[in-house]
Structures are given as structure tokens and as C-alpha cells.
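Every read-out reported here was derived from the displayed coordinates using simple, explicitly stated rules and does not represent laboratory data. Keep in mind the model is a prediction, meaning the values are calculated, not measured. We place every Cβ from the backbone using ideal geometry, glycine too, and count neighbours over all the protein chains shown.
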Amino acid sequence: MSIDQKVLLAAVVRLKEAADRDFEKLNAADGALGDGDLGITLRRGMELVSETTDDMPEDLGKALLQCAQAFTKSSGSSYGTLMATGLMAMAKSLKGETAVDASQVSTLVAMARDAMQARGKAEIGGKTVLDSLDAVASATAGKQDAIEVADAASSAVDDALNNFRQTQATIGRARMFGEKTIGMDDPGMLAMQTIIKALANRT
């Protein structure tokens with residue numbers, strides 16, 4: 001099974017529903033270590049993406065660029081900016097393509113991770129969304145079947161949260177809370193769990 005406009009549109013619907021569902025949870029998690037607006041950022045971003053689905057291009061590069069632009073407009077939050085950055089990196093790679101094989105998911109996620117890392121000037125291992133994306137890229141590498149890719153991605157974001165929960169955040173706003181972050185989920189990683197599981201249809 002390949003990813004095309006139809007698959008992308010269905011994923012947008014699922015992600016908007018997930019953003020609505022996890023709105024309070026993400027705001028609460030972000031409120032403990034940040035501004036408390038992460039749920040707002042994700043929901044508003046998906047509302048704007050949803051408003052563009054009637055004229056979503058078949059060209060996946062253009063479609064993802066449209067999604068990136070929606071997140072750019074959604075808020076001035078750092079997470080929204082990083083989301084847009086990752087989407088734009090994938091959009092550039094998929095320019096002119098109307099379908100992409102599931103086997104390319106790992107490469108695309110790695111592209112998003114690297115672009116977001118460069119933009120945010122962060123490092124892997126700092127207990128951030130980068131660690132979630134790194135886990136997904138690694139877990140899906142070499143897999144060809146769409147179901148296997150979806151299962152691997154879904155498990156990877158869960159594992160990333162579990163593996164980093166007892167570590168201290170060393171990057172971003174959360175680092176200011178020092179040892180308090182031990183035993184807490186990073187809000188950005190929690191949001192990426194919502195995103196990946198919705199995209200993989202494993203909620």
C-alpha cells in the first residue's frame with residue numbers, strides 16, 4: 001500500500017480528532033514544564049490544515065507544504081514552527097510525487113528529524129520530540145509492508161516516552177526545571193505520540 005492524496009486526507013481527519021481528544025492532556029503536560037498551550041497549538045494547526053483539504057493537491061510535496069503553511073499560521077509557538085519545519089523538509093523531498101511507498105517512511109521521518117534538529121539547535125538524547133522521531137525512523141527502517149510500518153511507528157513513540165520518562169530534560173524550556181523533569185513525560189514527545197499514532201491509525 002502506498003501513501004497518496006486519499007491516504008493523506010484520511011490521516012488528516014484522524015489527526016484532527018486526536019488533537020481534539022488530547023487537547024486538555026497536552027495543555028496540562030505543557031503547563032507543568034512550559035507555556036501550557038501545546039494542546040492549543042496542535043488543535044489549531046489541525047483546524048487550519050482541515051480547512052485546506054477541499055483543495056488538497058495530489059502532488060504530495062505541494063500537499064505537505066500546504067500543511068506546513070497551515071501550522072505556520074496557527075501560532076507563534078516553537079512546536080508549531082518545528083512541525084512546519086519538518087513538514088517542509090518532507091515536502092521538498094516529495095515534490096512532484098503523487099504516491100510514496102511505505103518503505104520510504106523511515107527516510108521521510110529522518111528528514112523531518114534532521115530539519116527540526118537544525119532549526120531547534122538541539123541534540124538527540126535531550127528528551128525532546130527529536131527522540132520520538134529518531135525512534136520512529138529507526139523502528140521503521142527496512143520495513144516494506146504498510147501495516148508493519150504503522151505498527152513499528154506506533155510502538156516506537158510509546159517506547160520513546162517510556163525510555164525517557166525517568167531521564168532529565170537537558171534541552172529547551174523544560175531544562176530549566178532540572179531534576180523535576182525526571183519521572184515526567186516531555187510535552188513535545190507526548191504530542192508526537194498523539195500525532196504518530198493517529199497517522200498510523202493505531203489510537
Give me K127, K73 sorted ascending by neighbouring Cβ count inside 10 Å, so fewest comes first.
K73, K127
Relative contact order for segment 1-114 using alpha-carbon pairs under 8 Å, separation at least 6, rounded to a whole percent?
29
In whole angstrom, note down how far apart the Cα centers of segment 120-138 and segment 177-194 are.
12
Most fluctuating residue given options F177, F71, F164, as computed from a GNM of the chain linking Cα atoms under 10 Å:
F177
Please check: in the Gaussian network model of the chain (C-alpha springs, under 10 Å), which one of G36, G76, G45 has the largest mean-square fluctuation.
G76
Report the residues of segment 169-203 in range of a label on E17: point 7 Å along Cα→C-beta, backbone N strictly under 14 Å from it.
197-203
Apply 1/(1 + (r/R0)^6) to the Cβ-Cβ distance of D54 and E123, taking R0 = 45 Å, and write down the FRET efficiency to the nearest 0.05.
0.65
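Could you work out the relative contact order of the chain, using alpha carbon pairs under 8 angstrom and six or more residues apart, expressed as a whole percent?
Across the chain, relative contact order equals 23 percent.
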Order of M192, M88, M56 under a 10 Å beta carbon neighbour criterion, fewest first:
M56, M88, M192
Correct option for Rg/Rh (Cα atoms, Kirkwood Rh) [calculated from the coordinates] among (1) 0.94; (2) 1.05; (3) 1.08:
(1)
Pop the C-beta distance of L9 and T107 into the FRET formula with R0 = 30 Å and round what comes out to the nearest 0.05.
0.85
